[in-house]
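The values are calculated or read from the model by the stated rules, or taken from the named source; none is laboratory data. Everything quoted here is computed from the prediction, not taken from an experiment. Cβ coordinates were reconstructed from backbone atoms using ideal geometry, including for glycine residues, and neighbour counts include every protein chain displayed. Heads up: the accessible areas ignore ligands, DNA and RNA and are worked out on the full protein's heavy atoms, side chains in. Shrake-Rupley method; radii C 1.70, N 1.55, O 1.52, S 1.80 Å.
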Amino acid sequence: MTGTVPTSPLRARAEIDLGALRGNVRALRARLAPGAELMAVVKSDAYGHGAVPCARAALDAGAAWLGTATPHEALALRAAGIRAPILCWLWTPGDPWREAIEAGLDMSVSGMWALREVTEAAREAGRPARIQLKADTGLGRNGCQPDDWPELVAAARAAEVAGTVRVTGLWSHFACADEPGHPSITGQLDLFRELLVYAEKAGIEPEVRHIANSPATLTLPEAHFDLVRAGIAVYGICPSPELGTSRDFGLRPVMTLAASVALVKRVPEGHGVSYGHQYLTPAETTLGLIPLGYADGIPRHASGRGPVLVGGAVRRVAGRVAMDQFVVDLGTGPDADAVQEGAPAVLFGPGGGGEPTAADWAEAADTIAYEIVTRIGPRVPRVYVGADDQDDTGRRGAGR
């Protein structure tokens, strides 16, 4: 797949290259410190790429764990027949603890309320819950504060002795690992080591200890411990421009977003384009209508700036992105004249065929590439290419 031409006449399509994804997993595993394994994070429908196919492809390439935010995401993977270890970490009171226990999921616990709910669910299920204790070492989101760590560790160890839980992991999350040299990185890593020592002295014997996200996986081998959690890097996108490009790390973007031009028309000089007439044609020109809009996840903030490869050249969104469509000014000349209805328009892809990348759209919308791929909506069909020759459905990881 070149990443530049859609291979069927769909209105729009997001082509997901599972071969590229497997290659990314292998490239990430090659960077791991000795003894460390890789968790492929497939939360948010695998960052918009499709959780089940991407999970299977990642496992096929050697990922040892999967990670999701919500238990519902993890349970959907189990329902699809995926048996690999799965950690889910974003819980709220009343969530399906018992179902997660019965599905053999690992559940993150950041506070006493969660430990109480999971131990009660374990008693109801008649089997111990697999839990991982999360420490807030400085990100300030989920995780147990260091001052509360002794209470949580003691209670978790007591529940372990009572047979209601098994503490399988100790973990945390970096705040600024995508900013090389940021002082918080060393501070968080030092605190994490201290909290590990405390828990282990209290009798906790975890299967895995982990703090590294994608940027730390790429740049901080001292933070790899037993496991790294690779999210956006699995999908071939570098976590931050400050770290370099995908190519610098041997990664290939997995998603190519393309559409078929819906209408081509000639308009005079001074013709307003889209709501508010923020764009007026500077001369007689040809306009091309692209049938994607903010309802599909195209950022309205990229109005007037978003790049699109169409008619052999990269054009910019002309005027505002609307709910279902936007316009590009094709200009004049042979390239413009050659564009007809049904011609391919590529918003982003790997970049090797002259098409923009998700990073280019992120720059145009003043956001991050994570958001660009994750926000592509369900109205855009995912079309999977690059399947394993041994099983073109990508299902070989299902039984791991």
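Just from its helices, what would the mean residue ellipticity at 222 nm be for the chain, if runs of 4 or more DSSP H residues each count -39500 (n - 2.57) and the sum is divided by every residue, rounded to the nearest 500 deg cm²/dmol?
Using -39500 (n - 2.57) per qualifying helix, the result is -8000 deg cm²/dmol.
With springs only between Cα atoms under 10 Å, which of Asn142, Asn24, Asn213 fluctuates most in a Gaussian network model of the chain?
Asn142
Return the Cα extents of the stretch 1-128 along principal axes one, two and three, sorted largest first, each rounded to a whole Å.
The principal-axis extents, from largest down, are 54, 42, 24 Å.
Whole-Å semi-axes of the stretch 108-251's equivalent ellipsoid, largest first, each the root of 5 times a Cα gyration tensor eigenvalue?
31, 16, 12
Does a label point 7 Å from the Cα of Ala33, set along Cα-to-beta-carbon, have any residues of the stretch 222-257 with amide nitrogen under 12 Å, and which are they?
Those under the cut-off are 222-228.
Just the number, please: carbon plus sulfur as a percent of the accessible area of the stretch 162-265, 1.4 Å probe, no ligands or DNA/RNA counted.
53 percent
Mind checking Rg over Rh on the stretch 181-279, alpha carbons, Kirkwood formula for Rh?
Reported Rg/Rh (Cα atoms, Kirkwood Rh): 1.31.
Rounded to the nearest whole Å², what accessible area per residue is found for the chain with the 1.4 Å probe?
On a per-residue basis, the chain sits at 41 Å².
Rounded if a/c is under 1.5, else prolate if a/b beats b/c, else oblate: with a ≥ b ≥ c from the C-alpha gyration tensor eigenvalues square-rooted, which is the stretch 57-126?
It comes out prolate by the Cα gyration axes.
Can you give me the relative contact order of the stretch 167-283 as a percent, contacts being Cα pairs under 8 Å and 6 or more apart?
Once normalised by length, the contact order is 19 percent.
So for the chain: antiparallel DSSP bridges make up what percent, rounded to the nearest 5?
Expressed as a percentage, antiparallel bridges in the chain total about 50.
At His72 and Glu242, where each label point lies 7 Å from the Cα along Cα→Cβ, what is the point-to-point distance in nanometres?
3.5 nm
So for the chain, what are the equivalent ellipsoid semi-axes in whole Å, largest first, each being the square root of 5 times an eigenvalue of the Cα gyration tensor?
Ellipsoid half-lengths, sorted descending, are 45, 21, 19 Å.
Show me 59-68, 187-196 ranked by packing, highest mean number of other Cβ atoms within 10 Å first.
Result, highest mean Cβ count within 10 Å first: 59-68, 187-196.
Would you mind getting me the FRET efficiency between Val161 and Glu371? Use the beta-carbon distance for r and R0 = 45 Å, nearest 0.05.
Efficiency at R0 = 45 Å is approximately 0.50.
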